[in-house]
Amino acid sequence: MLHVDLDQFIAAVEVLRHPELAGKPVIVGGRGDLAERAVVSTASYEARSFGVGSGMPLRIAARKVPDAVILPVDAEAYTAASHEVMATLREQPGATVQVLGWDEAFLGIDSADPETYARNLQRAVLERTRLHCSVGIGDTLVRAKVATGFGKPRGVFRLTAANWLDVMGNRPTIDLWGVGSKVSRRLSGHAITTVAELAAADTETLVAEFGPRMGPWYRSLARGEGARVVDDTPWLARGHSRETTYQQDLRTPAEVEAAVRELVERVLQDVEAEARPVVGVTLKVRYAPFVTRSYTKKIPETADRQAVLWRALDLVGRIEAGRPVRLLGFRAEMSLPDGARDRHTPTRSGW
């Protein structure tokens, strides 16, 4: 199986539209206006070398790279480019394609020479879209996904059971796809700091720390184990969300409630288009200057707009009083029909 990941996708699309930007630090975020609050959506490799990353406040990113070109997000352009890429992948000989998002996908193939297949795929994508991609080759989805990172940019890399621990064993656990800083710290509390140590860890220790589901899963992840089948079942969104960064902090309960009502209305318009009931709500709050909290609640299955709104307003009560709010986000989680593929990345799912 192959994992295909477009190199600096959004920035690359912008460079195609503005060839004079080639080789320059490019940062894409918000409306491209440093006078407004916004975060970085993506940055070119040239900007990343200065420490700029996705989710960073746009003003901070601009301070890190004073000569960077700041551009607004153009989702329609990126969607159009993505469609061309995915169409190209589906045209590859014998490929089963599982789309993961705008800029990545798994391909299931039957080939005695996957490196040559991958190079031909890269060439096809480049010829049709003028975009470069990296390809990871693996015998599980996890190994293919991790392999791509070693191939970037524009390369091909293979990770299988034969070389997994040789390549990954001495790396810190945080380098695993699906292990973040908090989990890494908790593992280090048990003297588990490398991938090899996690792969050999005592299952009972992991279960005691992370629970009967996640404990064994982390051990399996460290071994690169998981699913070996690419699933091309059309992916359905598990939920819809909207968020807004406010140019002036929200300071009163009335301002916050009005903003949440507006977000809920926008999200429910997206939900109703799919005709699936809501089963959970999440309120994301970013306090000034830049501290983010999320409040989540499962709810009885409902298609009643008013019921969803009241559940959202219940979460408003959990916002810390007296703290200025610079961003709010609302997500409605929906039920999934039987047979739907509800996960599109091999994390926390047994893949």
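Among complete DSSP H helices in the chain, those whose alpha-carbon atoms stretch at least 15 Å along the helix's long axis and whose mean Kyte-Doolittle hydropathy reaches -1.0 are 75-90, 141-151, 203-222, 253-272, 305-316. Pairs of alpha carbons in segment 220-310 separated by more than 18 Å make up 58% of all such pairs. Ranked by the mean number of other Cβ atoms within 10 Å of their residues, highest first, the peptides 260-267, 122-129 fall in the order 260-267, 122-129.
Taking a straight Cα-Cα cut-off under 30 Å and skipping sequence neighbours fewer than 8 places away in the same chain, the lysines within cross-link reach of Lys152 are Lys24, Lys64, Lys182. Annotation: peptides 307-315, 179-187, ranked by per-residue average of other Cβ atoms within 10 Å with the highest first, follow the order 307-315, 179-187.
DSSP bridge analysis restricted to segment 74-227 gives an antiparallel fraction near 60%, rounded to the nearest 5.
Count the net charge of all other residues whose Cβ sits under 10 Å from the Cβ of Tyr78, scoring Lys and Arg as +1 and Asp and Glu as -1.
On the way: positive: none; negative: Glu14, Asp74, Glu76, Asp103.
In short, -4.
Which net charge results when you count Lys and Arg as +1 and Asp and Glu as -1 among the other residues whose beta-carbon is under 14 Å from that of Arg90? Charge balance near Arg90 sits at -2.
Phi angles across segment 279-296 convert, under the Karplus curve 6.51 cos²θ - 1.76 cosθ + 1.60 with θ = phi - 60°, into 3J(HN,Hα) values of 10, x, 9, 9, 10, 9, 10, 10, 7, 6, x, 6, 10, 10, 10, 10, 10, 10 Hz, Gly and Pro given as x.
Apolar share of the accessible surface for the chain: 50 percent from carbon plus sulfur atoms, 1.4 Å probe.
For segment 57-63, putting each phi into the Karplus relation 6.51 cos²θ - 1.76 cosθ + 1.60 with θ = phi - 60° gives couplings of x, 4, 5, 5, 4, 5, 5 Hz, in residue order, rounded to whole numbers and with x for Gly and Pro.
Between the C-alpha center of segment 258-286 and that of segment 167-218 there is a gap of 35 Å.
Taking Cβ atoms as reference points and 12 Å as the exclusive limit, the residues near Asp304 contribute a net charge of 0, counting Lys and Arg as +1 and Asp and Glu as -1.
Rolling a 1.4 Å probe across the protein heavy atoms gives the chain an accessible surface of 49 Å² per residue.
Just one of [x] 59, 50, 34; [y] 63, 57, 42; [z] 57, 41, 38 is Cα extents along the principal axes in Å calculated from these coordinates, so which is it? Answer label, from the structure shown: [y].
A protection proxy built from the mean count of other Cβ atoms within 10 Å ranks the segments 97-104, 9-16, most packed first, as 9-16, 97-104.
The values are calculated or read from the model by the stated rules, or taken from the named source; none is laboratory data. Since the model is a prediction, treat every value here as computed from it, not as a measurement. Positions of Cβ are backbone-derived with ideal geometry, glycine not excepted, and every protein chain shown enters the neighbour counts. When the accessible area is computed, the model is the full protein with side chains, heavy atoms only, and any ligands, DNA or RNA have been set aside. Shrake-Rupley method; radii C 1.70, N 1.55, O 1.52, S 1.80 Å.
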